[in-house]
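Colleague: For reference, the structure I am asking about is given below.
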Amino acid sequence: MIRTRGLSYAYPGADAPLRFPDVDLRQGGTLLLRGRSGTGKSTWLSLIAGLRGASGGDLFVAGTQLGTQRGAEIDAWRARSIGFLPQKLYLSSALTVADNLALAYFAAGLPRDGAAITRALAQVGVDELAARRPHQLSGGQAQRVALARAVLLSPELLLADEPTASLDDEAAADALDLLRQSAAACDASLVIATHDQRVVQALAGAQTLDLNEIGPKRLLDGREKL
Amino acid sequence: MNSVAIKLARLSWRYLWSRPLAAVLNLLVLTLGLAAITLVLLVATQLDKAFERDLAGIDLVVGAKGSPLQLILAGVFHIDVPTGNIALQEVQALQKNPLVAQVIPLSLGDSYQGFRIVGTTPDYVAHYEAALAEGALWRQPMDAVLGASVARGIARAGHGGAPLAGATFVGSHGLGGGGHAHGDHPYRVSGVLAPCGCVLDRLILTSTESVWMVHEGAMATDDEDLELLKDDREVTVALVRYRTPLAAVTLPRRINADTGMQAAAPAIEVTRLLRLLGVGADVLRAFGGVLLAVAALSVFIALWNAVRERRADLAMLRMLGASPGRVAGLVLWEALWLAAMASVLGLLLGHGLAHGLGWALQAQGLLPVSGLVWLPAEAGVPLLAAGVAALAALLPAMQAYRTEVAELLSQP
């Protein structure tokens, strides 16, 4: 679940903070995060993931109020509660597919669970690729592996950043289905950040946070680019 | 906590070998630096010890006029040719001097298979507290006692496994071998010394009379000649022990001024020699230091690039919940792996080189150096390696520590 009240974030050196609309997402629900690049989409995501501290407002994610914890606590909370599917996937080329998934255990400080890794890979249909290296995978396979990594620790919230970019229509539909299945399988809330119209259409009627509506002119001046 | 370290170690091991070429190159440079330093440590320590052992208890070396360093090298360490001979009568006069506790005469001139035959008195053996491994000391002229290395060398040279005591050999004139063979006067081996780690290991000892006998026999044509030659008897070097430290003040000066002989204080000459050798050791040590500095730089560059390349990997680890410390630890561990491997390889290589050097030196009958000795100071080599690696990893690790996770999200 996600609940925000008057959430705002001030970029260092910016005169006015960026204010986000309030959001209420129930546990297990799906939120579509829309916005062209530069509208604060990544900022909102990094606030939700506890990577940045908000400058104002209240933020509850996965039953926890963020902003009061120290660094290590936030890291531990993120390991437990957030699954993340980045646009560029970020599978480590030094490791096999199975070891890439095991990184989630390493990062969380948990013992490696080989059976759970196999299950997670099987759930997205790529369990036979466990011993491969990421560069031996097709784009679709790699995304499935990254998805398996994201849901390995059964997070309460799954964040997906542009999951359909650079996919054709059919693959995009498949990816979206798999994403929703995976989130449902561990009863996770799902946030999909996208500016892809196909996703918007496929998830018509889903709860939406549209950042295009909040002062795009002021946000497009390049401050968003880090 | 412990299992975290093990996991870090294992993961960093994988990351290290994900770039095998860089890993091997860095390992190589680091290993060479450590090997050079190990080699210097081994050789310098062993040479110091050998010098110290050979010099112990010898206060003054008296011989013919010439270079004092040469006199010491020839008379004490037996690694140079002597400056000449001195009259036996003068040595006997020296013995009567009240400042002198003991005089050990040495007569050089002949060799066997490159090993020097030294005519001396049993005091020489007693001075180094050498023990017999086989047989007895010489009892009559033409008896010879072999040093341990000599015995090994001769046995290797084809003597087979037969006991050496009782065997005979013929010395040849000159110290290098290949000179005129004294065929009329064969030596009989009366005993073999146990290894003493001193200069005696490399010598063939006999009585001074044997040396005179061989040479007088070769020069004289009849008994009258022999009687005449007896008055002109010479020795090469006299090793002197003082009765009182005060002797150091007057005795060397008196010998140098009033006699035809030269007196050299080993302590002074060896200090000079070590300073000469020390330059070589310093050069080698500096070379090792430069190699280590290059290694540190190379490891630094490799890790820096690795962190840049793996920025996303590291950021992803942070996204997955790893603390910044753990991500930095990953980089540090990678360097420590290199240090650990390079320490093992560097020590082995250093010892191997020292052994090879020792072998080459021994083949020339020079100083004993072994690669089989392990010094406590070598414990510093892994520490040095870890220090260098940690230093090289410092900036990359800090870079990794500060990995900006939000960058993962900021893709347009």
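Derivation of every value follows stated rules applied to the coordinates shown; laboratory data play no part. Not measured: the values here are computed from a predicted model. Cβ: placed from backbone, ideal geometry, glycine included. Neighbour counts: every protein chain shown.
Colleague: In whole Hz, what ³J(HN,Hα) sequence does the range B:181-194 give by Karplus (6.51, -1.76, 1.60; θ = phi - 60°), x for Gly and Pro?
Modeller: Using θ = phi - 60°, the values come out as 7, 7, x, 6, 10, x, 8, 10, 6, 9, x, 10, 7, 6 Hz.
Colleague: What FRET efficiency do you get for B:S370 and A:H135 if R0 is 51 Å and r is their Cβ-Cβ distance, rounded to the nearest 0.05?
Modeller: 0.50
Colleague: For B:E234, what residues show an amide H to amide H distance below 5 Å, using hydrogens built from the backbone and excluding near sequence neighbours?
Modeller: B:L88
Colleague: Return the long-range amide H neighbours of B:A64 (sequence gap of 5 or more, or a different chain), with a cut-off of under 5 Å between placed amide H atoms.
Modeller: B:T83, B:G84, B:Q262
Colleague: Now for a separate question. Calculated FRET efficiency, B:V344 and B:A93, Cβ-Cβ r, R0 41 Å, to nearest 0.05? Mind dumping the intermediate values first?
Modeller: Numbers: r = 60 Å, r/R0 = 1.47.
With a Förster radius of 41 Å, E is 0.10.
Colleague: Can I ask one more? When you count, for each residue, the other Cβ atoms within 10 Å and take the mean per peptide, how do A:32-41, B:145-154, A:62-71, B:266-275 rank with the highest first?
Modeller: Working: A:32-41: 20.3, B:145-154: 23.1, A:62-71: 13.5, B:266-275: 15.7.
Going from most to least packed, we get B:145-154, A:32-41, B:266-275, A:62-71.
Colleague: Here's another thing I want to ask about it. Of A:T30, A:A49, A:W77, whose Cα points farthest to the positive end of the dipole of the range A:1-100 (charges on the beta-carbon: +1 Lys, Arg; -1 Asp, Glu; origin at the Cα centre)?
Modeller: Farthest towards the positive pole: A:T30.
Colleague: Can you work out the Karplus-derived ³J(HN,Hα) for every residue in the range B:391-398? Use 6.51 cos²θ - 1.76 cosθ + 1.60 with θ = phi - 60°, whole Hz, and x for glycine or proline.
Modeller: Per residue, the Karplus-derived 3J(HN,Hα) values read 4, 5, 7, 4, 5, x, 5, 5 Hz.
Colleague: If you build a Gaussian network model of chain B, linking Cα atoms that sit under 10 Å apart, which residue out of B:L41, B:L73, B:L383 swings the most?
Modeller: Checking each option, the largest mean-square fluctuation is seen for B:L383.
Colleague: Under 5 Å between amide H atoms, partner at least 5 residues away or on a different chain: which partners does B:V118 have, H built in plane at 1.01 Å?
Modeller: Residues meeting the criterion, in which the H sits 1.01 Å from N, are B:I204, B:L205, B:T206.
Colleague: In the protein assembly as shown, how many lysine pairs have Cα atoms under 19 Å apart, counting only pairs 8 or more places apart or on different chains?
Modeller: Lysine pair count for the protein assembly as shown: 5.
Colleague: Taking each residue in A:81-94, count the Cβ atoms of any other chain within 10 Å of its Cβ, then average. What number comes out?
Modeller: The shielding value for this peptide is 5.
Colleague: I need the phi-derived Karplus couplings for the range A:59-66: 6.51 cos²θ - 1.76 cosθ + 1.60, θ = phi - 60°, integer Hz, Gly and Pro marked x.
Modeller: The phi angles translate into 9, 10, 10, 6, x, 10, 8, 8 Hz.
Colleague: With a 10 Å Cβ neighbour count serving as the proxy for reagent exposure, in which order, fewest first, do B:R310, B:R10 appear?
Modeller: B:R10, B:R310
Colleague: Once you charge only the Cβ atoms, +1 for Lys and Arg and -1 for Asp and Glu, what is the size of the charge dipole of the range B:235-348 about its Cα centre, to the nearest 20 debye?
Modeller: 280
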